[in-house]
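All remarks here apply to the structure that follows.
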Amino acid sequence: QVQLVDSGGGLVQAGDSLRLSCAASGLTVSKYGMGWFRQAPGKEREFVGLIAWLGETYYADSVKGRFTVSRDNAKNTVYLQMNSLKPEDTAVYYCAASDTVRPRAEIDYDYWGQGTQVTVSS
């Protein structure tokens, strides 16, 4: 049974940093495309970034240069390092797993975490 557990969210001020974690069980993160999405109140869920199974990373333009996706194969965990946070980054953040080579759309993902709230105050 596959389980993704998101953690690390919280309330921070603009300019601060946070690192989100996605601990996986039932699958091996190095063999999946592992993505991060977010959903702000009243908005659709949107792609944030991903680390493909070969290790390359991709990001939404809105977070490029500020956010970094990485993985620790030994811990079977994926991370989203978020720096220079802005109020518009406020959202529930979800990790997800896909067996697609470079999954960019929600429909590409098979498994989802429960989400973790990130709130950035101005």
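Among the trypsin sites (Lys or Arg not before Pro) in the range 31-87, those placed in a DSSP loop whose Cβ has at most 15 other Cβ atoms within 10 Å are Lys43, Lys64, Arg66, Lys75. When exposed loop sites are taken as GluC sites (Glu not before Pro) in a DSSP loop with at most 13 other Cβ atoms within 10 Å, the longest stretch of the chain clear of them is 57-122. In the range 6-88, Cα pairs under 8 Å separated by at least six residues give a relative contact order of 36 percent. May I ask you to list the residues of the range 93-122 whose amide nitrogen lies under 12 Å from a point 7 Å from Cα along the Cα→beta-carbon direction of Ser62? Only 93 pass the distance filter. Taking 0.36 nm per residue of separation and subtracting the current Cα-Cα distance, fully stretching the chain between Val2 and Arg19 would add 3.9 nm.
Between Lys31 and Glu106, the contour length at 0.36 nm per residue exceeds the Cα-Cα span by 25.2 nm.
Split the accessible area of the chain by element, probe 1.4 Å, and carbon with sulfur accounts for 46%.
The values are calculated or read from the model by the stated rules, or taken from the named source; none is laboratory data. Please read these numbers as outputs of a predicted model, since none were measured by experiment. Quick reminder, even Gly has a Cβ in these numbers, built from the backbone with ideal geometry, and neighbours come from all protein chains shown. All accessible areas refer to the heavy atoms of the entire protein, side chains included, with ligands and DNA or RNA removed. Shrake-Rupley method; radii C 1.70, N 1.55, O 1.52, S 1.80 Å.
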